[in-house]
Structure formats: C-alpha cells, structure tokens
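J.: Have a look at this one before I ask anything.
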Amino acid sequence: MARSSARQSEKDSRLARLTAGLRPVFLYIFGLSGIINILALTGAFYMMQIYDRALMSGSIPTLALISALALGLYMFQGGLDVIRSQILHRVGARFDARVAPDIHRMSIDMPRYGFSVAEAMERGRTVDTLRNFFGGPALVSLFDLPWMPVFLAFVFVLHPYLGALAIGGAVVLTLMTVVTELMTRKANAQVSRAAVQRSSVAEANARNADVIKAMGFSSQALAQFEQANDAHLTLQSGSSDVTRTVGGSSGGEGAVIGSGGVPFGLGSDLAGSIRVPAFCCGVFGHKPSVGVVPTSGHFPMGAGPSRRMMVIGPLARRAED
C-alpha cells in the first residue's frame, strides 16, 4: 500500500513538473481567443453598416471610413491570431524539451524487456504528436469553443429563427462528430498497431540484411513485409472510409443526385466541376457551350479568362431527365 502511494506521489510530482507554468499561459490564450472571436464579427457588422449607412446615404466618405475601420479590425485580428499561434508553438516546444529526455531513456530500456525497436521508437513519435497538437488547430478550436455563445447571441439578435437554425446546425455537427469518433476509435487503434507491426518487420529485415541475403531468404522477407504492409493499408482504407466526405459545390450536388436526394440540380464547370462529379457518382452531367446558358447571378464570378470559360449546366440521374 505504501509502495503504491509512493508511486502515485511520484507520478503526481512528475505531472506537476511537466505542467508548471502552463496555467497562466492558457488563461492568457483563453482571453486572447475571446478578443479574436469578437473581432471575427467584424464582417457581419461591416455589412450591416454598409446597408444601414453607406447605401442609404450614398456617401462615399462614409463607405471609405467604414471600410478602413473594418480593414484595421481585420489586421488587428490577424495579428492577435499570429501571436496566439506563436505562443502555442512555444508551449509545445517547451513540453517536448521537458518530456523528450525521459521518453528517450524509456526507448533505450524497452528493447531490454522484449520490445522491438519500432515499438520503442513509437514513444518518441507520440511526443511529436503531442507537440504538434499544442501548435495545431485542434487546441485553438478548444480555446474558441467557449466563445461560441457570443456568435449564437448575435445570430439571435438578427432573428430568432436564424438563431434556432444555428443551434440546430451546431447540434447536428456535434452528433456527427461524436458518431464519427465512436465509429473510428477501434479502427484507428488497429491501424496504429498494424503500422507498428509493419515497422517492426522492416526494421528486422534491415537489421538482419546480411543474414537474409546470405541464406537466400530475400523473397520470404519481402513476402513477410508485403503481408504486413497489405494489412496496414487495408485497415487504413477501412478507417478513412468512415470519415470520407464529398467536397465542392458541384461534387456535393452530384453526390446528392446519385443518392436519390433530389432528381436534378445545377452546377458550374470551368475545368470539370460538372463532368468529374457526374462520372464519379454515376449520374449524367452536361457542360453546355460557352455563352449558351447565362451565368448572371452566379457567385463567385471569376475574372479574366476564367469568367469567359465558366458555364452553368445541369446534372440528373439520366440523360432523359
């Protein structure tokens, strides 16, 4: 009992050393994230002022002043975002500097207890993953999440129906995220184990290359690696199938039509945005000649040659439609 208590006390002291000084930094980043999220409303307030003041009065100086103010706020937001990113990168570097020596010592000792070199080196890659997490967008999203009610309150001020729609969309996205995590958790763990197994085979073949070559086992070693590699690729493909989504406006239109959601739709084509989704989704897409179908009202409009080449065309389940 005393030994277990001492071990737990040692773990707590190590954790305290690793997280020392992080609390004030995270509180500062949390406040900085609040300012950044409030400044993110600049675009909405800018358009409201354009419609309420500039267009109603027809005053060019008013438009110029509002635009200059919005530009200044955007530049201030961008500067704060850069500062936040730099702070998080330095937090990740400090975490790496504190953890990496102990992890490397563990990696040195693990082969003496029967672990492979690939399994030992995997601990170092875990430290790299945590360092990248501190400096990546995931942690930034966690700091931005508590400020979401500010946006919802602003949307409710515009109109209650819009606020209800925004809350409904947030709930749907949250449920989709949770379901995706539950569906991919086991698969991702299997992919990680398969990757370690593949690395172990490759490391063993490289370490014993002279023996394998001398005894004529090259084909068997290659077959063993191919088997481990195929297993890893199969698991990785199965895991990515769960999170795969369609992208692009015409790509989404082709997917909805192919799944029977709507009978037909419209898409814009400049370099294959109607034809490629139609081919991939098994539906019919037609790119008219330039100038046959008017593009007025399309947003965004291209500039220069792209504007002259872009066309609007239909997508449907069959050509007869």
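The values are calculated or read from the model by the stated rules, or taken from the named source; none is laboratory data. Because the structure is a prediction, the values reported are computed rather than measured. Cβ atoms come from the backbone with ideal geometry, glycine included; neighbour counts cover every protein chain shown.
J.: State whether the residues of the stretch 43-62 include one that is more than 30 Å from LEU165 (Cβ to Cβ), out of contact with any Phe, Trp or Tyr (no Cβ under 7 Å at 6 or more places or on another chain) and either aromatic (Phe, Trp, Tyr) or surrounded by 13 or more Cβ atoms within 10 Å (Cβ to Cβ) (or both).
T.: Going through the stretch 43-62, the residues more than 30 Å from LEU165 (Cβ to Cβ) turn out to be 57-62.
Now narrow it down to the ones that are out of contact with any Phe, Trp or Tyr (no Cβ under 7 Å at 6 or more places or on another chain): 57-62.
Filter again for either aromatic (Phe, Trp, Tyr) or surrounded by 13 or more Cβ atoms within 10 Å (Cβ to Cβ) (or both), leaving 59, 62.
So far as the stretch 43-62 goes, yes, one or more of its residues are more than 30 Å from LEU165 (Cβ to Cβ), out of contact with any Phe, Trp or Tyr (no Cβ under 7 Å at 6 or more places or on another chain) and either aromatic (Phe, Trp, Tyr) or surrounded by 13 or more Cβ atoms within 10 Å (Cβ to Cβ) (or both).
J.: Evaluate the stretch 64-71: report whether one residue or more is part of a helix (DSSP H, G or I), surrounded by fewer than 13 Cβ atoms within 10 Å (Cβ to Cβ) and at pLDDT 90 or above.
T.: The initial filter retains those residues of the stretch 64-71 that are part of a helix (DSSP H, G or I), namely 64-71.
With the extra rule that they be surrounded by fewer than 13 Cβ atoms within 10 Å (Cβ to Cβ), the set shrinks to 64, 68, 71.
Narrowing the set further to residues that are at pLDDT 90 or above leaves 68, 71.
Yes, that holds for at least one residue.
J.: To continue, here is another question. Could you check, for the stretch 148-155, whether at least one of its residues is touching a helix residue (DSSP H, G or I) at 6+ places or on another chain (Cβ under 6 Å), closer than 23 Å to VAL191 by Cβ and surrounded by 14 or more Cβ atoms within 10 Å (Cβ to Cβ)?
T.: Within the stretch 148-155, not a single residue is touching a helix residue (DSSP H, G or I) at 6+ places or on another chain (Cβ under 6 Å), closer than 23 Å to VAL191 by Cβ and surrounded by 14 or more Cβ atoms within 10 Å (Cβ to Cβ).
J.: In the stretch 11-22, which residue that is hydrophobic (A, V, I, L, M, F, W, C) and not in a loop (DSSP other than H, G, I, E, B) is nearest to ARG90 (Cα to Cα)? Give the derivation first.
T.: Within the stretch 11-22, the subset hydrophobic (A, V, I, L, M, F, W, C) is 15-16, 18, 20, 22.
Remaining after also requiring not in a loop (DSSP other than H, G, I, E, B): 15-16, 18, 22.
Numbers: LEU15: 19, ALA16: 19, LEU18: 14, LEU22: 11 Å.
Among those that are hydrophobic (A, V, I, L, M, F, W, C) and not in a loop (DSSP other than H, G, I, E, B), it is LEU22.
J.: Let me ask something additional. Go through the stretch 23-60 and report how many residues are in a helix (DSSP H, G or I) and closer than 21 Å to ASP81 by Cβ. Lay out the reasoning, then the answer.
T.: Here is the first cut: in the stretch 23-60, the residues in a helix (DSSP H, G or I) are 23-39, 42-57, 60.
If we keep only those that are closer than 21 Å to ASP81 by Cβ too, we end up with 24-39, 42-46.
Within the stretch 23-60, residues that are in a helix (DSSP H, G or I) and closer than 21 Å to ASP81 by Cβ number 21.
J.: Within the stretch 167-181, does at least one residue satisfy the condition of being surrounded by 14 or more Cβ atoms within 10 Å (Cβ to Cβ), within 16 Å of the chain's Cα centre (by Cα) and of a type in the set (A, V, I, L, M, F, W, C)?
T.: No: zero hits.
J.: Sticking with this structure for a sec: Is there any pair with a first residue in the stretch 133-154 that is under 21 Å from GLN86 (Cα atoms) and a second that is assigned to a helix (DSSP H, G or I) and β-branched (Val, Ile, Thr) whose Cβ atoms are under 7 Å apart and which are 6 or more apart or on different chains, and what are they?
T.: Once the first residue is under 21 Å from GLN86 (Cα atoms) and sits in the stretch 133-154, its partners that are assigned to a helix (DSSP H, G or I) and β-branched (Val, Ile, Thr) give PHE134/VAL91; PHE143/ILE29.
J.: Is one or more of the residues making up the stretch 268-276 of a type outside the set (Asp, Glu), in a helix (DSSP H, G or I), on the phi < 0 side of the Ramachandran plot and modelled with pLDDT of 70 or more? Quick ask: steps written out before the conclusion?
T.: Going through the stretch 268-276, the residues of a type outside the set (Asp, Glu) turn out to be 268, 270-276.
If we keep only those that are in a helix (DSSP H, G or I) as well, we get 275-276.
Checking which are on the phi < 0 side of the Ramachandran plot leaves us with 275-276.
Add one more test, that the residue is modelled with pLDDT of 70 or more, and what stays is 275-276.
Yes, the conditions are met somewhere in the stretch 268-276.
J.: Given the conditions (1) closer than 22 Å to SER33 by Cα; (2) among the hydroxyl-bearing types (Ser, Thr, Tyr); (3) in contact (Cβ under 8 Å) with a residue 60 or more places away in the chain, and given that SER116 satisfies all but one, which numbered condition is not satisfied?
T.: (1)
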